[in-house]
Every structure is written in C-alpha cells, then in structure tokens.
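Input: a single structure, listed below in structure tokens.
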Amino acid sequence: MADIWIMRTGHRPERDKRVTTHVALSSRALGAKGIYVDTEDPVLEQNIRSVVDRFGGDFTIQTGVKWKSVVKDFPGKVVHLTMYGQRVDEALPKIPRDEDIMIIVGAEKVPPDVYQRADFNVSVGNQPHSEISALAIFLDRFTGGEALYADRHGRMTVIPNERGKTVVDLSK
Ligand code: SAM
C-alpha cells in the first residue's frame with residue numbers, strides 16, 4: 001500500500017487543541033505516515049511526538065504548513081473529506097492504491113479552492129459529523145483495517161487483554 005498523508009486545515013490552536021490532537025492520533029493509529037497542520041502549534045507537535053516516542057512507528061507531524069504548498073508538488077492523489085462529496089463506497093474503488101494519497105480534513109470552513117483542487121471529494125455519509133469520525137471511517141475502509149494491530153515496535157507495547165491492562169515497557 002502506498003503512503004497516506006493527512007492535511008488538517010483551519011486549525012485554531014486554542015479552540016481546536018483537542019480535536020486536532022485526536023485527528024493526529026487517529027491518523028497515526030489507522031495507518032497514515034504523517035500529518036500537516038496549517039497553523040503553527042509547537043505544543044501539538046510536542047504532544048504527538050511524545051506518543052510516537054513512547055508507542056513507536058515513524059509518524060511525523062509538521063505544523064504551520066499551508067494546504068496549497070503541501071499539495072503543490074504532491075506526487076499522488078488528493079482526497080478531500082466533505083459531507084457534500086460523492087459516496088465513500090462509490091469513491092473507494094476509483095482511488096488508486098499504487099499512488100500516495102493526501103487526505104484533507106477541515107475545521108470550521110474549508111476554503112472553496114480545496115473542492116476544486118481535490119481529485120476526489122468524498123463524503124462519509126451526507127450528514128454533518130466530525131473530522132475525527134470521517135477520517136477514521138475512511139482510513140479503516142481504505143486500508144481494510146490492516147493498521148489497527150500493526151506492530152509499531154514502540155518502547156511501550158500494549159498486549160491485548162480481555163480484562164485489565166497489560167503494557168510492556170521495554171525501557172525497564
Ligand atoms: N461546515 C463545515 C464546512 O462545510 O466546511 C464542515 C465542518 S466539519 C465540523 C469539519 C470537517 O469534518 C469537515 O471539513 C470534513 O472534513 C469533516 N466531515 C464532517 N462531516 C463529514 C462527512 N459527513 N463526510 C466527510 N467528512 C466530513
């Protein structure tokens with residue numbers, strides 16, 4: 001599978017702190033290689049890098065990067081998640097699997113140019129919900145769920161447990 005990248009637009013550090021953190025964590029857990037965020041936010045970068053440091057993988061985060069510069073020379077397809085887009089079940093077979101994809105998710109209002117630039121405007125249902133749920137459902141369907149239990153070779157590893165918590169800390 002080619003690489004999956006996420007572009008988060010409209011991030012307002014104070015207001016969207018929690019949502020954008022969860023967009024980034026969901027991106028990582030569901031198989032993306034990294035996330036770009038349009039507004040500079042060193043605290044967000046630090047929080048996500050701390051998770052990567054403990055739980056592994058090579059997920060990257062870069063903030064203060066505008067969507068136009070991210071997609072300008074992107075060597076793959078751009079997918080914009082929007083409640084106005086074509087149905088996810090109809091879009092998925094059309095999205096090539098041998099090219100990288102850049103998935104754009106918004107906050108309050110997405111610039112109109114995004115709709116024009118995107119190769120695919122995709123809805124996850126036509127009801128308004130959330131960038132976190134839209135991204136999670138799209139990624140799970142796109143990857144067939146293969147990222148969920150992939151080994152990230154982290155310092156901290158969670159062992160699935162029917163009851164209770166089992167965490168192996170390799171640094172001890
Ligand atoms: N009213 C905003 C607009 O029209 O741009 C939508 C804001 S919504 C809270 C934030 C983001 O969640 C959207 O930019 C989109 O990426 C995603 N989203 C929300 N509902 C969606 C849906 N049904 N399908 C796909 N993406 C969705």
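The values are calculated or read from the model by the stated rules, or taken from the named source; none is laboratory data. Values in this document were obtained by computation on a predicted structure and should not be read as measured data. Positions of Cβ are generated from backbone atoms using ideal geometry, with glycine treated the same way; all protein chains shown enter the neighbour counts.
Side notes on the structure shown:
- Residues in the stretch 53-64 that are surrounded by fewer than 17 Cβ atoms within 10 Å (Cβ to Cβ), closer than 20 Å to Met156 by Cα and without any contact (Cβ under 8 Å) to a residue 60 or more places away in the chain: 2 in all.
- Checking each residue in the stretch 65-117 for being exposed (fewer than 15 other Cβ atoms within 10 Å of the Cβ), in a helix (DSSP H, G or I) and in contact with a Ser or Thr (Cβ under 9 Å, 6 or more places away or on another chain) picks out only Tyr115.
- Taking first residues from the stretch 71-89 that are without any contact (Cβ under 8 Å) to a residue 60 or more places away in the chain and more than 11 Å from Gly125 (Cβ to Cβ) and partners that are in a loop (DSSP other than H, G, I, E, B) and more than 13 Å from the ligand (Cβ to nearest atom), the Cβ contacts under 8 Å between residues at least 6 apart in sequence or on separate chains come to Pro75/Glu99; Lys77/Ile95; Lys77/Pro96; Lys77/Glu99; Lys77/Asp119; Val78/Asp119; Val79/Ile95; Val79/Asp119.
- Single condition Ile137 does not satisfy, out of (1) in contact with a helix residue (DSSP H, G or I) (Cβ under 9 Å, 6 or more places away or on another chain); (2) within 11 Å of the ligand (Cβ to nearest atom); (3) at pLDDT 95 or above; (4) not in a helix (DSSP H, G or I): (4)
- Number of the exception - Ser171 against (1) hydroxyl-bearing (Ser, Thr, Tyr); (2) within 16 Å of the ligand (Cβ to nearest atom); (3) assigned to a loop (DSSP other than H, G, I, E, B): (2)
- Flag if Arg152 is more than 30 Å from Glu14 (Cβ to Cβ), touching a strand residue (DSSP E or B) at 6+ places or on another chain (Cβ under 8 Å), away from the ligand (no atom under 15 Å from the Cβ) and not aliphatic (A, V, I, L, M): yes
A quick yes/no check of all residues on (1) out of contact with any strand residue (DSSP E or B) (no Cβ under 8 Å at 6 or more places or on another chain); (2) within 15 Å of the ligand (Cβ to nearest atom); (3) farther than 18 Å from His80 by Cα:
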| position | (1), (2), (3) |
| --- | --- |
| Met1 | yes, no, yes |
| Met7 | no, yes, no |
| Val23 | no, yes, no |
| Asp41 | no, no, yes |
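- Subset of the stretch 89-109 (residues that are modelled with pLDDT under 95 and among the aliphatic types (A, V, I, L, M)): Ala107
- If only residues of the stretch 6-45 that are among the polar types (S, T, N, Q) and under 8 Å from the mean Cα position of the chain (by Cα) are counted, the one that is surrounded by the most Cβ atoms within 10 Å (Cβ to Cβ) is Ser27.
- Unmet requirement for Met1, which otherwise passes all of (1) more than 30 Å from Val167 (Cα to Cα); (2) assigned to a loop (DSSP other than H, G, I, E, B): (1)
- Total residues in the stretch 18-64 satisfying the condition of being in contact with a helix residue (DSSP H, G or I) (Cβ under 7 Å, 6 or more places away or on another chain) and among the hydroxyl-bearing types (Ser, Thr, Tyr): the figure is 6.
- Filtered residues of the stretch 118-134 (kept if farther than 23 Å from Asp3 by Cβ and either loosely packed, with under 12 Cβ neighbours inside 10 Å or more than 10 Å from the ligand (Cβ to nearest atom) (or both)): Asn126, Gln127, Pro128, His129
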